[in-house]
1. How would you classify the stretch B:80-154 from its alpha-carbon gyration tensor, with a ≥ b ≥ c the square roots of the eigenvalues: rounded for a/c under 1.5, else prolate if a/b is greater than b/c, otherwise oblate?
2. Bin width 10 Å, origin at 0, all Cα-Cα pairs of the protein assembly as shown: what percent of pairs per bin?
3. Taking a cut-off of 28 Å, what percent of all Cα-Cα pairs in chain B are separated by more than that?
4. Can you find, among B:A40, A:F139, A:L93, the residue farthest towards the positive end of the dipole of the protein assembly as shown? Put +1 on the C-beta of Lys and Arg, -1 on that of Asp and Glu.
5. Could you work out which residue, out of A:G217, A:G15, A:G36, moves most in a Gaussian network model of chain A, that is, has the largest mean-square fluctuation with Cα springs under 10 Å?
6. Hey, what angle do you get for helix B:182-192 against the long axis of chain B, alpha-carbon based, 0 to 90 degrees rounded to 10?
7. With +1 on the Cβ of every Lys and Arg and -1 on the Cβ of every Asp and Glu, and nothing else charged, how large is the dipole of chain B about its Cα centre, in debye rounded to the nearest 20?
8. Report, in debye and to the nearest 20, how large the dipole of the stretch A:112-180 comes out about its Cα centre when Lys and Arg carry +1 and Asp and Glu carry -1 on their Cβ.
Amino acid sequence: MAILDAQNLTIKFGGLTAVSDFTLHMEQGDLVGLIGPNGAGKTTIFNMLTGIYKPTEGEIFFGGQSLKNKKPFQVTQMGIARTFQNLRLFNELTVIDNIKVAHHLKVKYNVMGSIVQTPAYYVEETDIQQKAEKMLEIFGLEYRKNELAKNLPYGEQRRLEIARAMATEPQLLLLDEPAAGMNPQESKHLMELIRWIKKEFSLTILLIEHHMDVVMGVCERILVLDYGQTIAEGAPAEIKGNKRVIEAYLGDLGEESTDA
Amino acid sequence: MTEKLDRKTIITKKMSRNLILIGLILGLYALLSFSFGGNAYYMRILTLASINVMLGTSLNLILGYTGQLNLGHAGFMAVGAYTAAILTTSYSTPFFVNLFLGALLAGFIGLLVGLPTLRLRGDYLAIATLGFAEIIRVTALNLNITGGALGIRGVPYLTNFTWAFFLAAITVWIIVNFINSSHGRACKAIREDEIAAEAMGVNTTYYKVLVFSMGAFFAGLAGGLFGHLLTIVHPSSFTFLKSIEYLVIAVVGGLGSITGSVMAAIFLTFLSEALRKFTELRMIIYAGALVLVMLLRPQGLMGGMELQLEHLDPRNWKGYLENFKNRQVSKLRSKRGDRNGNT
């Protein structure tokens, strides 16, 4: 069964149709890339999938359940986690607290339990601490655990954001330009990391990226957007040869690719 | 098996920590009432300081931890003060029950106000809460049951240091435990980035409203104590300036630091009393002191840090001293390095 089924999504902001008739079908274990020039509507699609925007038309099904009228936190509880294009870490919290926040949706003790500090509170807090430390270890950030998130170098902040999304224990992970601002070496390392977590946690991943080497290297299937329309879909090799894609996107990139 | 044992040891460790804290609180109470018990003037100031501690910490919960700018804290205080005073003067219900009912009503009104207004952010929320506090004050000014412009006179003098001290201790205890839980972390996440918090599965509306009405509850409790300390509940006690007074406590103590709020509440209450002999100059010196604190420590006295039980253990002091020294040395070094680099 399909894990994600987005059917004919259209969203209009006033007179502007940001995305029209977008359809995406993902099976468990897929790794799909979403590319397109700036302003093509990629992040808007992410915002629809996570419940931040409501699509004007069309419906999204996740694991057979409709996401209609679901608030963003409910979507996360259902098993979709995301990262943001411009980092949105909890800057004034420590690295480990950033991860611990993501464990909140699994917490069973209630507010009263935390005030009177029931045994369940101690047990769960200890569990959260251990799980969070483990997650940091996986992402190689354990030595930073007590530092404030804002004091981390950029590359580590990107990794922390992925770690934080992973801590919600999602089935579907949405990565919005995870390699933005990374140098070639860092993005290569990131590619390996993405492949590894996908295998280790049997994840399904949808990612937006501008670094063509990352998209072509890691994705099994690619969707190309331009002005809100899906103009091509297929394996990396097919996309590379697609005329419309080259016109809309890779044609421009051809000039820039020397510095990418 | 080992895991179970681990949990047991963790729990006993935490429990013993709680016992030490209870001991410290009782000790502090005994010390204060023993040393100042004979002096009614000092006891009154200490009582007022305890009430301010409740208001400062509850506002810090809303503003410093959840990031919601509330300029109407005195409004919630008024709800508690009026409710408790009316109950005491008109019905002969016990003092504690009156305080509790006042706090409950304040918390409920916090919920009612919070539901629509917490959709607003920053400055907009500030204006909305400010407006709400004015509505409460003007309503009290015009209702018969609240005594109109005369206020409620002849409220029995029931608030003593014992009531104020222990209710303040309980307030601080509850707020600290709340903050140090996953729920508290959710609130801090909302303060840092609401969209990201929501994306991490935090029900932001729920927590904002919860914290708002929790803060209102404790403000109402403090208001009840305040009314029975002054023995008069009057609309002019709950003006906008009163809200600002608690905002000052929260900011001077450090947003996001409960121990900071406690210290600032005590410090500012005493400062304000100590300056009484300067009459006209009083507010100038008080305001000047605030400016000075903000210039020297813009992050507040505690700057988001907490004073913890471990800090009171003399066995750890040597280590702290070393750390402090090292930090100062490295600061000096980096300063020198900069200078060398520049020349």
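Taken together, the values in this text are just the output of simple stated rules run on the coordinates, not laboratory data. Bear in mind that the values here come from a model prediction, so they are computed numbers and not experimental data. For neighbour counting, all protein chains shown are included, and Cβ atoms are generated from backbone atoms with ideal geometry for every residue, glycine included.
1. Values: a/c = 3.70, a/b = 1.70, b/c = 2.17.
Oblate is the answer for the stretch B:80-154, as a/c is 1.5 or above yet b/c matches or exceeds a/b.
2. 3, 14, 22, 21, 17, 13, 7, 2, 0, 0
3. Working: 28358 of 58653 pairs.
Counting pairs separated by more than 28 Å, the tail of P(r) holds 48 percent.
4. Working it through, the farthest residue towards the positive pole turns out to be B:A40.
5. Of A:G217, A:G15, A:G36, the Gaussian network model singles out A:G15 as fluctuating most.
6. The two axes meet at around 90 degrees.
7. On the way: 29 positive and 16 negative charges, 196 e Å.
For this selection, approximately 940 debye.
8. Working: 8 positive and 12 negative charges, 30 e Å.
The calculated dipole for the stretch A:112-180 is roughly 140 debye.
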